[in-house]
Amino acid sequence: MKHLIALFIFLFQGVVMAQDMKGLPDWTREHPQWLQTKPELAYVSNRCASAFDLVGNYFLANGVLDEQRRSANIFLNHSDIYVRLGYFLTVKQGTSEPEALRNYNQINDYYKQLIDRNIQSNTQIMLGPLGDDVELCLANYWNAQVTVKELEQEYANHSPKKNLSNTPDQKLDMGMLQVVWSFIKAETGGPLDFPMPPLVVDASLPTNARMVFQYPSEEQPDNSLMVSVSPRTLTQWSRAMVSWAAGHELTHYAFLMRDNGWVRQDKYENKTKHHCNPDFIRLTSGIADLIADQLTNTKERLRMYSEVFRSCTRHPEQ
């Protein structure tokens, strides 16, 4: 009973927050220094990221005009910049990753309510408080881009590090991945000599798949235990982003192995959903910092953090 009461209070507080959330024009007038104050900038950025993401996906799914489809891509790109800023600043100001995600989900609920209300009453979504918030976010998008670049410079490692790879020009940097794998094993309690799974470049992966960790299970007994890497990923992504993505898949592998007692199996049982697991979020954020600290002058730390965040918000079932 106590647990049910606590759950009800938590859900009720979330609903109240969604209903009472103030429009961004009014909120920023009450906080005139928000652009110079990191916690306030993080809050506005998270709201802009959510608004752009929901509106962009709505137009992507329902847009019938070319203009709406173009707007969808613009909104989604804007959301990506704002989430790099909002999520990274939120965590760096001392908020835990799970709490940052809960706060973002409450913002998302608020904007979903506004979209539903607009559709039911007007069949248009860009009206009232939602339209006003999107307009403010559009007006400040250039500032967000500049701030992202400034933070990338602020958090970049400008000191040369010992070269970890015999082939530093290779996107699939096995020297870096050995460091990442040692970090993952230390964090998950894995045996020191437990090997990585094979990483295989696979041109047959679907176009929307960048990297895939697969393993034999009851549902898919013929799968091989390996990480498949799309050659498109190696072409389109930087070495830092490729290393982070591979580290993300290696964390899936480590969680699976830990659930199975670090013992090789003919078939594996996956007992947990990983992407929104607080330990998984903490670990993949740590991998982002590890890679960014190892690579000189990389500007990918914020992008890696946003990928940690997007993994949970867009694929919570994995």
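Quick rundown of the values:
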{"item": "Count of residues meeting criterion [in a loop (DSSP other than H, G, I, E, B) and touching a Phe, Trp or Tyr at 6+ places or on another chain (Cβ under 8 Å)] in segment 246-269", "result": "3"}
{"item": "Members of segment 209-240 found to be part of a loop (DSSP other than H, G, I, E, B) and among the small types (Gly, Ala, Ser), listed by number", "result": "Ala209, Ser217, Ser224, Ser230, Ser238"}
{"item": "Residues satisfying the stated conditions in segment 195-208, i.e. over 22 Å from Met257 (Cβ atoms) and in a loop (DSSP other than H, G, I, E, B)", "result": "Ala203, Ser204, Leu205, Pro206, Thr207, Asn208"}
{"item": "Matching entry among Ile125, Ile81, Ile184 (being in contact with a helix residue (DSSP H, G or I) (Cβ under 7 Å, 6 or more places away or on another chain) and assigned to a loop (DSSP other than H, G, I, E, B))", "result": "Ile125"}
{"item": "Some residue of segment 304-311 being of a type in the set (Phe, Trp, Tyr), buried (at least 23 other Cβ atoms within 10 Å of the Cβ) and modelled with pLDDT of 90 or more", "result": "yes"}
{"item": "Flag for Gln93 being under 23 Å from the mean Cα position of the chain (by Cα), surrounded by fewer than 18 Cβ atoms within 10 Å (Cβ to Cβ) and in contact (Cβ under 8 Å) with a residue 60 or more places away in the chain", "result": "no"}
{"item": "Members of segment 7-27 that are modelled with pLDDT of 95 or more and buried (at least 18 other Cβ atoms within 10 Å of the Cβ)", "result": "Leu24"}
{"item": "Check on Asn223, closer than 21 Å to Glu187 by Cα and surrounded by fewer than 22 Cβ atoms within 10 Å (Cβ to Cβ)", "result": "no"}
{"item": "Answer from Tyr58, Tyr110, Tyr87 - the residue that is hydroxyl-bearing (Ser, Thr, Tyr), crowded, with 17+ Cβ neighbours inside 10 Å, out of contact with any helix residue (DSSP H, G or I) (no Cβ under 6 Å at 6 or more places or on another chain) and touching a residue at least 40 places away in the same chain (Cβ under 8 Å)", "result": "Tyr58"}
{"item": "Every pair of residues 6+ apart whose Cβ atoms lie under 8 Å, when the first sits in segment 289-315 and is small (Gly, Ala, Ser) while the second is part of a strand (DSSP E or B)", "result": "Ala292/Asn157"}
{"item": "Filter result for Met211 (over 16 Å from Leu234 (Cβ atoms) and either in the same structural domain as Leu283 (by TED's automatic domain parsing) or of a type in the set (D, E, K, R) (or both))", "result": "no"}
{"item": "Qualifying residue in segment 203-217 (condition: in contact with a strand residue (DSSP E or B) (Cβ under 9 Å, 6 or more places away or on another chain), more than 26 Å from Arg102 (Cα to Cα) and of a type in the set (Phe, Trp, Tyr))", "result": "yes"}
{"item": "Segment 275-288, residues that are of a type in the set (Gly, Ala, Ser) and without any contact (Cβ under 8 Å) to a residue 60 or more places away in the chain", "result": "Ala288"}
{"item": "Among the candidates Lys171, Lys185, residue that is basic (Lys, Arg), modelled with pLDDT of 95 or more, out of contact with any Asp or Glu (no Cβ under 6 Å at 6 or more places or on another chain) and buried (at least 18 other Cβ atoms within 10 Å of the Cβ)", "result": "Lys185"}
{"item": "Every pair of residues 6+ apart whose Cβ atoms lie under 9 Å, when the first sits in segment 260-274 and is in contact (Cβ under 8 Å) with a residue 12 or more places away in the chain while the second is loosely packed, with under 15 Cβ neighbours inside 10 Å and not in a loop (DSSP other than H, G, I, E, B)", "result": "Tyr268/Asp259; Glu269/Asp259; Asn270/Asp259; Lys271/Asp259; Thr272/Asp259"}
{"item": "Ser243 over 15 Å from the mean Cα position of the chain (by Cα), outside any helix (DSSP H, G or I), closer than 16 Å to Val200 by Cα and hydroxyl-bearing (Ser, Thr, Tyr)", "result": "no"}
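The values are calculated or read from the model by the stated rules, or taken from the named source; none is laboratory data. Here the structure is a predicted model, which is why all the values come from computation and not from measurement. Every residue, glycine as well, gets a Cβ built from its backbone with ideal geometry; the counts of neighbours run over all protein chains shown.
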